[in-house]
1. Can you tell which of R461, R484 is modelled with pLDDT of 95 or more, within 20 Å of H344 (Cβ to Cβ) and of a type outside the set (A, V, I, L, M, F, W, C)?
2. Six or more apart or on different chains, Cβ atoms under 6 Å: show the pairs whose first residue is in the stretch 348-362 and under 16 Å from L383 (Cβ atoms) and whose second is assigned to a strand (DSSP E or B) and basic (K, R).
3. Evaluate the following for A357: is it under 30 Å from A391 (Cα atoms), modelled with pLDDT under 95 and in a loop (DSSP other than H, G, I, E, B)?
4. Which residue out of G189, G220, G231, G248 is under 21 Å from D117 (Cβ atoms) and out of contact with any Phe, Trp or Tyr (no Cβ under 9 Å at 6 or more places or on another chain)?
5. Since A110 meets every condition but one in (1) of a type in the set (G, A, S); (2) at pLDDT below 95; (3) closer than 26 Å to A214 by Cα, which condition does it not meet?
6. Which one of G405, G437, G447 is at pLDDT 95 or above, touching a strand residue (DSSP E or B) at 6+ places or on another chain (Cβ under 9 Å) and at positive phi?
7. Just give me the residues in the stretch 391-422 being in contact with a Lys or Arg (Cβ under 8 Å, 6 or more places away or on another chain) and either among the basic types (K, R) or surrounded by fewer than 20 Cβ atoms within 10 Å (Cβ to Cβ) (or both), in sequence order.
8. Could you tell me which of the residues E133, E158 is of a type in the set (D, E) and touching a residue at least 60 places away in the same chain (Cβ under 8 Å)?
Amino acid sequence: MAYVIGIDGGTESLRAHVFDLSGRSRGVGKCAYTTTFPEPGQAEQNPDDWWHACGVAVREALIAADVPADQITAISCDTTSCTVIALDAEGRPLRPCLLWMDVRAHHEAAEIAACGDPALRLNGGGAGPVSPEWMLPKALWIKRNQPDLWARAAMVGEYQDYLTLRLTGLWAASLNNVTMRWHYQTQHGGWPTSMLATLGLSDILTRWPSQIVAPGQIIGPLTESAAHHLGLNAGTPVVQGGADAFIGMIGLGVTQPGDLALITGSSHLQLGVADRTVHAPGVWGTYMDCVYPARPVIEGGQTSTGSVIAWFKRNFAEHLDFDTLNAQADTIPPGAEGLLAVDHFQGNRTPHTDPLARGAIMGLSLKHTPAHVYRALVESICLGTRAIVEAFGDAFDAKRIVVAGGATRSPFWLQVHADTLGLPLELTEETEACALGSAILAAHGAGHFATIDEACAAMVRTARRIEPDMDAHAAYAPIYARYRAAYHALKPLRESA
């Protein structure tokens, strides 16, 4: 028998899954770690905690699966993205990481966005913005605010690269991470050298990994010390993964032009395989070779989605459970009897790229109940997803949408998504899409499948489809028009406040 391990390094914990070659999880291990928040807008973790968690989780998964180490043919990892680390020459952390959600580098991000370099084509076609979460703003912040530490830093990279270093002893980056968060472009000369020079950051090139490995390619063998830590055999191939959500595309079987991964949770992420390269206002990317060779990936995102629903229930419907809310809202027709919401509670990422945008609930009357408000909020999130898919333009014609995350637990929410889009949705059997995506890459890298596509075909299975109600879709047409108009109507009111 042959098995692979997919390791998923998340925000709160690291999870390891042993998968067979049909894509079924045979055993799972999990280990949590701590996040600290030194100041508002800052979030940090200790990289050594990740490595400890990796050992605990992999050993637990092996025990749960009852699989001997010699049957593990490869391992691969995905991790949080833009979680930036600085290491000394021996690979020891010089400071806690700047976690992906850390936005202390907002001034640096604004400076980068204003520099006008062609590498910014990835940021809305140059229209921006540049997120303070990304690699360059964070690295620039460290250099400016901790110059002594910067001088001692031999390596600057991400969570992904730290695990690679501990597993293999090699300082190698994932092509996935560098193309979509470090402004590396395979079609435009690689590293953004002119932008780095403009920013006074050219010395980062000696600190970034010199080796870049594409997802699904072998980085190197597991070292003796790493094998002892994980309970695996030395020499086991370590296959490159990447950023969790993008590797989740693989775990959802989103591989062909027109396929879209809709990843839901506190926020929504829309990741599609595009027909061709495009850089345009209102979209992120496209990123060539980011996940699959020679295929561009286009990105959109909603900043606050599930978090809006949690806010509403916590403050205004604490006495109602979600089953009751869903059942009551499902009896209300599209449009919530005149109630319209805007989902920009924490700003808008795409298509408006306006961090100062805010949410709204309009059309309230004495007839409306908590279920009406709940329905209007769910509709606003789903209409926001539709706006992003449409903003992708001619480069992306949505043919197939696969959903993962928190929204999959609500049949009501799924149906509204299908109805507003006018497209069917698919759900997969394996709900841990990121871990399965890493396992698929491991299986391909180990030689069990000739391509990532072939591995996906063997290891990803559709559980069910949600078909749109086309009468409801037609009913949403005027509601969608009002939703689109609401942002522009509210903006001058917000700016005059």
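1. Numbers: R461 fails: within 20 Å of H344 (Cβ to Cβ).
On inspection, the qualifying residue turns out to be R484.
2. No pair meets every condition.
3. yes
4. Only one candidate passes the filter, namely G189.
5. Every condition holds for A110 apart from (3).
6. Values: G405 fails: at pLDDT 95 or above; G437 fails: at positive phi.
That would be G447, the only listed residue that is at pLDDT 95 or above, touching a strand residue (DSSP E or B) at 6+ places or on another chain (Cβ under 9 Å) and at positive phi.
7. A395, the sole residue that qualifies.
8. Working: E133 fails: touching a residue at least 60 places away in the same chain (Cβ under 8 Å).
E158 is the lone residue from the list that is of a type in the set (D, E) and touching a residue at least 60 places away in the same chain (Cβ under 8 Å).
The values are calculated or read from the model by the stated rules, or taken from the named source; none is laboratory data. Just so it is clear, the structure is predicted and the values come from calculations on it, not from any experiment. Here the Cβ is made from the backbone with ideal geometry for all residues, glycine too, and neighbour counts use every protein chain on show.
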